[in-house]
1. When you check LEU340 against the structure, is it in a strand (DSSP E or B), closer than 30 Å to LEU323 by Cβ, of a type outside the set (Ser, Thr, Tyr) and at pLDDT 95 or above, yes or no?
2. Among the residues of the stretch 287-297, is any open to solvent by 10 Å² or more (accessible area, probe 1.4 Å), of a type outside the set (Asp, Glu) and assigned to a strand (DSSP E or B)?
3. Can you say whether SER265 is out of contact with any helix residue (DSSP H, G or I) (no Cβ under 7 Å at 6 or more places or on another chain) and either without any contact (Cβ under 8 Å) to a residue 60 or more places away in the chain or of a type in the set (Val, Ile, Thr) (or both), as far as the supplied structure shows?
4. Just one of GLN182, GLN146 is among the polar types (S, T, N, Q), modelled with pLDDT of 95 or more, farther than 19 Å from ILE28 by Cα and under 20 Å from the mean Cα position of the chain (by Cα); which is it?
5. Applying the selection to the stretch 255-270, what residues are buried (at least 24 other Cβ atoms within 10 Å of the Cβ) and acidic (Asp, Glu)?
6. Have a look at THR363, THR324, THR383 and point out the one that is of a type in the set (Val, Ile, Thr) and out of contact with any helix residue (DSSP H, G or I) (no Cβ under 9 Å at 6 or more places or on another chain).
7. Taking strands (runs of 3 or more DSSP E) that fall entirely within the stretch 129-218, which contain at least 3 residues that are in contact with a helix residue (DSSP H, G or I) (Cβ under 6 Å, 6 or more places away or on another chain), in contact (Cβ under 8 Å) with a residue 40 or more places away in the chain and surrounded by fewer than 21 Cβ atoms within 10 Å (Cβ to Cβ)?
Amino acid sequence: MARFLKKGKSVTEIKAADGRVRDTVEIIIKDIEDSGDIAVRKYSMAFDKWAPNAFRLTEEQIAEIIDRTPKQVISDILFAQKQIRFFAERQLATISDLEVETLPGIFLGHKNIPVNSAGCYIPGGRYPMVASSHMSILTAKVAGVQRVIACTPPINGEIPDATVCAMHFAGADEIYILGGVQALCAMAIGTQTMAPVDMIVGPGNAYVAEAKRQLFGRVGIDLVAGPTEILVIADETADAEMVACDLLGQAEHGPTSPAALITTSEKLARETLSEIQRQLQFLATADVAGVAWEQYGTIILVEDEEEAIQEANALAYEHVEVLTRDPQVFLDHLTNYGALFLGPETNVAYGDKVIGTNHTLPTMGAARYTGGLWVGKFIKNCTYQRCTPDASVMIGAYAMRLCELEGFAGHREQAALRVRRYTSTLKTSK
């Protein structure tokens, strides 16, 4: 039976602050609905100390930023975008339109239609999340979205040059230096200077996630992405240095980022506990990662791989690394995860930054019912139908009886009208 060697905060404790976040976001949304740009500017100044003449960058400003950005930075961005574009294009190739004749004269089909516009949020704050530009903007463009706008916050009162370069090269049609809830609201609701979009995507902090939750319905969203999560599944073949490194590597995202280890080896578990403390002594982001591990770190000891799979599926974490003798077992049997990293040769950082899969992934148990951001999230699967006169008469008779069964007189008449009209037409033509 699984047992905890270390336990993080409970779900109840984690949700304790949700009410305060929800109330704050409600106020901001209402204010931007009522006052538009004035409210956006007020909150940008309050939260980011940022109130330029215009939040949208001009083509000249973007060109200047690209000119002053080191060539190696631009080269690395373009390399990462090449990988992400290639995988997204291959994913798009798996999405096909359909038309089938289900009965003689009855044709049913679907078309895959990109949304017309999307707003992409590129987080900043503690770290400039350059890679999020590729994951959202580029993916939307591969999907065929006509208008893609993007917002990212200033960092310490400065424009994040590398992020702007990534946004531009990814294909953003409009780039705004604007962060937080005010950015999500401006994109979703629209202001005097920003036309609203049909869908908003991208990761962010608890306030950004709550804004997406409250704006959903008015616009589409990719998913409500909370603090990043990592689960490492390991057996006695894994080494504690790598396990500790990979856990802390994700815990550095923020002080509320859960990190968990499920292992069949108590020896590895205890060595990992010691190794984490050793690495925290020299990790540059130990002030964040240490708090996350102390408050949200978990170690679960299990009997075998079957129990490891059960526990991992119950957690349904965003990132799952498999450091076991046979990772294929987990690819074959795990069902609840955002992204899977198989074997010691790969890791979450590859997925976050460069390898090609998307890093905007489900958190907080959402992996039980959804995957992450991909080209398909920007595409609507829309059905259509058409009939010949003969087929309309035939299917109409069924529809009349089924509508009558449910008491829908108006529905029945829609079918009956076609039956009368096309029966008459067919008789006349003969």
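1. Yes.
2. no
3. The answer is yes for SER265.
4. Values: GLN182 fails: farther than 19 Å from ILE28 by Cα.
Selected residue: GLN146, the only one of GLN182, GLN146 that is among the polar types (S, T, N, Q), modelled with pLDDT of 95 or more, farther than 19 Å from ILE28 by Cα and under 20 Å from the mean Cα position of the chain (by Cα).
5. none
6. Of THR363, THR324, THR383, the one residue that is of a type in the set (Val, Ile, Thr) and out of contact with any helix residue (DSSP H, G or I) (no Cβ under 9 Å at 6 or more places or on another chain) is THR383.
7. none
To keep it simple, each residue is scored yes or no on (1) outside any helix (DSSP H, G or I); (2) farther than 30 Å from GLY144 by Cβ; (3) acidic (Asp, Glu).
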residue: PRO344; (1), (2), (3): yes, yes, no
residue: TYR350; (1), (2), (3): no, no, no
residue: PRO362; (1), (2), (3): yes, no, no
residue: GLY371; (1), (2), (3): yes, no, no
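The values are calculated or read from the model by the stated rules, or taken from the named source; none is laboratory data. If you're wondering where the values come from, they're calculated on a predicted model, not measured in any experiment. Backbone-built Cβ (ideal geometry, glycine too); neighbour counts: all protein chains shown. Remember, those area values only see protein heavy atoms, side chains included, never the ligands or the DNA or RNA. Shrake-Rupley method; radii C 1.70, N 1.55, O 1.52, S 1.80 Å.
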